[in-house]
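**Q** Just dropping this structure here.
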Amino acid sequence: MSYSPSSPMLCYSPRVTIVGAGRVGSTLAQRIAEKNLADVVLLDIIPRMPQGLALDLMEARGIETHNRKIIGTNDYADTFGSEIVVIAAGIPRKPGMSRDDLLKTNAGIVVEATMSAIARSPDAIFIIITNPLDVMTYLARQATSLPRDRIMGMAGVLDSARFQTFIAMEFGVSPVDVNAMVLGSHGDLMVPLPRYSTVNGIPITELMDAATIERLVQRTRHGGAEIVELMQTGGAFFAPASATCVMIEAILRNESRLLPVAAYLQGEYGLENICLGVPCRLGCGGIDTVLELNLTDAEMAALHTSAESVRENIERSQEILATAGDSQQ
């Protein structure tokens, strides 16, 4: 087929909106564009900041050899028609703060951002990054009434990547040969699963003693806090951006990847009406399937303890939002 500039050819490029242009959001925009996955809209409330970041990323296109468009904006109208919306807005963690300490401020931010975004992109799939992540995912779903296949939290991929890294470092192998699985909340009560974590197919329970495994489990649970304490000026952003990008790629390319994400549970693992990290198959429709692993009694108990902590924070967040709503009337 011959082509001329006037030929009536239709072109389509998916669009991903990132709400929150901080370190995680801007790094994610870079990942998406340089992997040639989609055009990106980078939105933030700070005037001119997302526009500057977008221009900087656009000026790198020729060097990085891609032609994706990156738009910086302060207006949700520019996010219209996005296939995926990532909510990364909120205050970051500081030294001495837990993810739950962020609850009061970030609850209102996430609900407002999600409602503003879905009004412009009613068919979008939503990925929540803001901490405390499981609670924020639940609040976003509650505010939008989205079906569970179209809204999820990122953290399981990140927590599993941290466990994978620590296993590889301990055993002296490439992380490419390591597969790790972490369930539960994105916090100190997450549930790393050594039985389901392997080095080239061999469970780490056959390669390491119990004390070593427990040390790696504890380091994984405190992986985010370790980075906060080292940096002193903020939290992790490279690995969270990469973890989110893996999810976006699985959705946009319909890869049917099995990844641990914070999903709304409807009886799986004996839990319901809660968002919690579990293995899910991701494809073009979002969450295709929630996989129920055969957990031991101890693993199941740990998962339910993790869920109870999330549920308590959900109740606290709903009280906070209700109080804020009453004060505005």
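The values are calculated or read from the model by the stated rules, or taken from the named source; none is laboratory data. Computed from a prediction, not measured in an experiment: that's the story for all the values here. Here the Cβ is made from the backbone with ideal geometry for all residues, glycine too, and neighbour counts use every protein chain on show.
**Q** Determine whether the range 84-94 contains at least one residue that is more than 25 Å from Val111 (Cα to Cα) and assigned by TED's automatic domain parsing to the domain that holds Leu133.
**A** Checked against the condition, which is being more than 25 Å from Val111 (Cα to Cα) and assigned by TED's automatic domain parsing to the domain that holds Leu133, the range 84-94 yields no hits at all.
**Q** Within the range 44-136, which helices (runs of 4 or more DSSP H) (wholly inside it) include 3 or more residues that are over 29 Å from Arg221 (Cβ atoms), in contact with a strand residue (DSSP E or B) (Cβ under 6 Å, 6 or more places away or on another chain) and among the aliphatic types (A, V, I, L, M)?
**A** Where helices (runs of 4 or more DSSP H) fall fully within the range 44-136 and carry at least 3 residues being over 29 Å from Arg221 (Cβ atoms), in contact with a strand residue (DSSP E or B) (Cβ under 6 Å, 6 or more places away or on another chain) and among the aliphatic types (A, V, I, L, M), they are 49-59.
**Q** Can I ask one more? Of all residues in the range 31-65, how many are free of Cβ contacts under 8 Å to residues at least 40 places away in the same chain and under 21 Å from Asn254 (Cα atoms)?
**A** 5
**Q** Between residues in the range 215-233 that are more than 25 Å from Leu303 (Cα to Cα) and in contact (Cβ under 8 Å) with a residue 12 or more places away in the chain and residues that are of a type in the set (Asp, Glu) and not in a helix (DSSP H, G or I), which pairs lie under 8 Å by C-beta distance while being six or more apart or on different chains?
**A** none
**Q** Quick check: is even one residue across the range 189-196 over 18 Å from Tyr269 (Cβ atoms) and among the aliphatic types (A, V, I, L, M)?
**A** So far as the range 189-196 goes, no, none of its residues is over 18 Å from Tyr269 (Cβ atoms) and among the aliphatic types (A, V, I, L, M).
**Q** Go through the range 150-192 and report how many residues are assigned to a helix (DSSP H, G or I), in contact with a Cys (Cβ under 9 Å, 6 or more places away or on another chain) and not small (Gly, Ala, Ser).
**A** Going through the range 150-192 one residue at a time, the tally reaches 0.
**Q** Anything in the range 193-209 that is in a strand (DSSP E or B) and more than 24 Å from the chain's Cα centre (by Cα)? List them, or say none.
**A** Result: Val199, Ile202, Pro203.
**Q** I'd like to know if the range 262-271 contains one or more residues that are of a type in the set (A, V, I, L, M) and touching a Ser or Thr at 6+ places or on another chain (Cβ under 7 Å).
**A** Yes, there is a match, as at least one residue in the range 262-271 is of a type in the set (A, V, I, L, M) and touching a Ser or Thr at 6+ places or on another chain (Cβ under 7 Å).
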